[in-house]
Amino acid sequence: MLYDAERDAEVVAAVTALFQTLGTEEPAVLDGLLALLAPHFAGLGTGPDDFYADPEAFVATIRIEQAQMPYATSWDSVWTDVRRLRDDLAIVAGKLRLLIQAEPEELTIEPRYTFVLERLDGRWLLAHCHFSVEDALLDPGATLATALERRNRDLELLVERRTAELNQSLADLTAAQARLVQQEKMASLGMLTAGVAHEIKNPLNFVTNFASLSRELLDDLDAEDDPEEAEALRADLRVHAERIEAHARRADGIVRAMLDHARTGESALQPTDLNALVDQHIDLAWHGARARDPGFAVEVVRDFDAEAGRVDLAPQEIGRVLLNLLGNAFDALTAAATPGARVIVTTRRNSNRVEVRVSDNGPGVLDDLCAKVFEPFFTTKPTGQGIGLGLSLSYDIVTQGHGGTLDVEPTPGGGATFVLALPANASKSTAPDSNEAG
Ligand code: ADP
């Protein structure tokens, strides 16, 4: 066998050019492949039944094979062997490593190839080529195209299976989230119960005291002969009856708020006295916190706008938001052991909206966490004390249920201020009606 290192380098260069041509999807470059074929191109094949003697059919086949590969591919050469048969005839054999990126998998195949190259007019031209793929990929008689097609089918099945698995996980997650939301509601209800018991004890004490006072007054009245004195006693009795009624109403309002809190699902918007609703929930939150921690000592300052009036809202839902905001402020102040811990609750009405601001002088929320605190499951509280759903639930209630906004901003001088804003579309009048909140 003649050996001419320089010429062999030429053969390798020709084969490299050929591979570069095969690897491109540019039609013009692919057409240029024709120029690399010897005039009497002997044909190609990847399997026993796969033989093209026609150079045009060869190019078309390569196009089809490329079109059947919807995945990104890259290749490199594992080995190449050049054998010179004659001065103008060479056989090149080699093995390629073809990397197919079919997310989430990466598939490697290693086809072997044989090229017959002929030297004509000073150029090495392709006279014959043959590719074969690993036996594992091939059915008897299959071509590279059918092997890839089969691989594609397998990969599609894999993708389908993974998609089904992902859908199942998503369904499981959604169910788990719904369970957690319910748990959060129940947990906050549990925390409320202790506070509510305390809240109700006050008005009940008043009711008991005024009732026993009234009984004594009645005894006095029975024994009274002086009509003027008797009239004064009756006036006192009337005042006591009014007080008993007022305190009983207050107890009733508290129980109603607690039951509303436990109720799930959407609820209708109704004109509601905003200040009364906020006032009642401050009491609930404060006594809830005190019941859990007898040392709890956060001062709550009410700064209410007398013009806040009635607002279209779902009282139990907005009540839940207020309890979350107040509970978070209390938690932040208690955890940081802030001296002079204070929460200021402000209500304001302007022409088209009402605002409730819950402002604490605690550690505040870091700038880059301001958006995060509204995400489900974001919590900085120790395990068991927070699951991070309070603010995300509140956000949904305010934005989706009421067309309002819920934001957090720094309190001047330190701390966090949560701003709940609602469209002010109900009449400002606070004249009592059957829908009054508490
Ligand atoms: P959770 O109370 O279960 O943690 P939330 O969604 O109610 O869930 O609150 C999420 C997080 O937002 C809290 O863990 C806390 O880091 C932060 N946060 C909420 N309110 C305040 C506040 N007033 N001051 C400081 N951080 C707060």
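The values are calculated or read from the model by the stated rules, or taken from the named source; none is laboratory data. Quantities reported herein were computed from a predicted structural model and do not represent experimental measurements. Glycine also receives a Cβ, built like all others from the backbone with ideal geometry; neighbour counts cover every protein chain displayed. Ligands, DNA and RNA are excluded from the accessible area calculation, which covers all protein heavy atoms including side chains. Shrake-Rupley method; radii C 1.70, N 1.55, O 1.52, S 1.80 Å.
In the set (1) more than 15 Å from the ligand (Cβ to nearest atom); (2) assigned to a helix (DSSP H, G or I), ARG302 fails one condition alone, (2).
Table: residues versus (1) modelled with pLDDT of 90 or more; (2) among the polar types (S, T, N, Q).
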{"residue": "ARG290", "(1), (2)": "no, no"}
{"residue": "GLU299", "(1), (2)": "yes, no"}
{"residue": "GLN316", "(1), (2)": "no, yes"}
{"residue": "GLY327", "(1), (2)": "yes, no"}
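Looking across the stretch 14-26, the residues that are open to solvent by less than 70 Å² (accessible area, probe 1.4 Å) and either modelled with pLDDT under 70 or touching a strand residue (DSSP E or B) at 6+ places or on another chain (Cβ under 7 Å) (or both) come down to ALA14, VAL15, LEU18, LEU22, GLY23, THR24. Between GLY388, GLY362, GLY401, the distinction of being touching a Ser or Thr at 6+ places or on another chain (Cβ under 7 Å) and either more than 18 Å from ARG320 (Cβ to Cβ) or more than 8 Å from the ligand (Cβ to nearest atom) (or both) belongs to GLY362 only. When the stretch 234-276 is filtered for residues that are more than 26 Å from ARG348 (Cα to Cα), modelled with pLDDT under 85, of a type in the set (Lys, Arg) and assigned to a helix (DSSP H, G or I), only ARG249 remains. Would you confirm whether or not the stretch 337-348 contains a residue that is touching a strand residue (DSSP E or B) at 6+ places or on another chain (Cβ under 8 Å), among the basic types (Lys, Arg), under 30 Å from ASN425 (Cα atoms) and more than 15 Å from the ligand (Cβ to nearest atom)? Yes, because at least one residue in the stretch 337-348 is touching a strand residue (DSSP E or B) at 6+ places or on another chain (Cβ under 8 Å), among the basic types (Lys, Arg), under 30 Å from ASN425 (Cα atoms) and more than 15 Å from the ligand (Cβ to nearest atom).
Of all residues in the stretch 365-378 being over 16 Å from PHE418 (Cα atoms) and open to solvent by less than 80 Å² (accessible area, probe 1.4 Å), which is nearest to the chain's Cα centre (by Cα)? This residue is PRO376. Residues that are among the charged types (D, E, K, R) and either within 16 Å of the ligand (Cβ to nearest atom) or buried (at least 19 other Cβ atoms within 10 Å of the Cβ) (or both) within the stretch 350-359 comprise GLU355, ARG357, listed in sequence order.
The residue pairs whose first member lies in the stretch 362-391 and is within 15 Å of PHE330 (Cβ to Cβ), whose second member is open to solvent by 70 Å² or more (accessible area, probe 1.4 Å) and near the ligand (Cβ under 6 Å from one of its atoms), and whose beta carbons are closer than 9 Å, counting only pairs six or more residues apart or on different chains, are GLY386/THR380. Scanning the stretch 398-424 for residues that are surrounded by 14 or more Cβ atoms within 10 Å (Cβ to Cβ) and modelled with pLDDT under 90 yields a count of 2.
Once the stretch 303-314 is narrowed to residues that are acidic (Asp, Glu) and modelled with pLDDT under 95, the residue that is most open to solvent (accessible area, probe 1.4 Å) is GLU307. Take THR379 and tell me if it is out of contact with any strand residue (DSSP E or B) (no Cβ under 9 Å at 6 or more places or on another chain) and either within 27 Å of ALA176 (Cβ to Cβ) or more than 10 Å from the ligand (Cβ to nearest atom) (or both). Answer is yes for this residue.
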